[in-house]
1. Take the range 1-35 and flag every residue that is assigned to a strand (DSSP E or B), within 15 Å of ALA67 (Cβ to Cβ) and hydroxyl-bearing (Ser, Thr, Tyr).
2. Mind listing whichever residues of the range 52-77 are assigned to a loop (DSSP other than H, G, I, E, B) and open to solvent by 40 Å² or more (accessible area, probe 1.4 Å)?
3. Restricting attention to the range 24-41, which residues are closer than 10 Å to ILE1 by Cα and either among the charged types (D, E, K, R) or open to solvent by less than 60 Å² (accessible area, probe 1.4 Å) (or both)?
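The values are calculated or read from the model by the stated rules, or taken from the named source; none is laboratory data. All values reported here derive from a predicted model rather than from experimental measurement. FYI the Cβ positions are ideal-geometry reconstructions off the backbone, even for glycines, and counts take in every protein chain you see. We work out accessible area using only protein heavy atoms, side chains counted, and drop any ligands, DNA or RNA first. Shrake-Rupley method; radii C 1.70, N 1.55, O 1.52, S 1.80 Å.
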Amino acid sequence: IISDMKSGSISALEEEIFNLGHAFRFMPQAWVLTSEASLNTIRHALMQKLGKLDTIFVVDTIHDRAAWFNFGPEADTRVRRMWSRTPEGARKTG
């Protein structure tokens with residue numbers, strides 16, 4: 001989980017992250033979280049702690065998925081394209 005807090009409270013966000021499972025803050029606005037909650041559940045819970053100018057990016061490494069909130073339209077489109085791109089050398093089977 002990576003955030004860019006400009007208007008909200010980092011302590012409220014961090015409290016919510018720790019409520020979702022076992023977490024470790026490794027940088028001022030970045031955490032590793034292990035949780036039984038789904039990616040969408042985590043994103044929704046954390047969105048409630050964000051202000052109008054705050055952003056968040058959550059990566060589910062187990063399922064190779066990502067979710068984010070409050071990116072501008074250009075950044076949203078670029079991240080969506082990059083995340084859905086098939087890795088080089090990967091081949092579809094079946």
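1. SER3
2. Hits for the range 52-77 are LYS52, LEU53, THR61, ILE62, HIS63, ASP64, ASN70, PHE71.
3. Result: ARG25, GLN29, ALA30, TRP31, LEU33.
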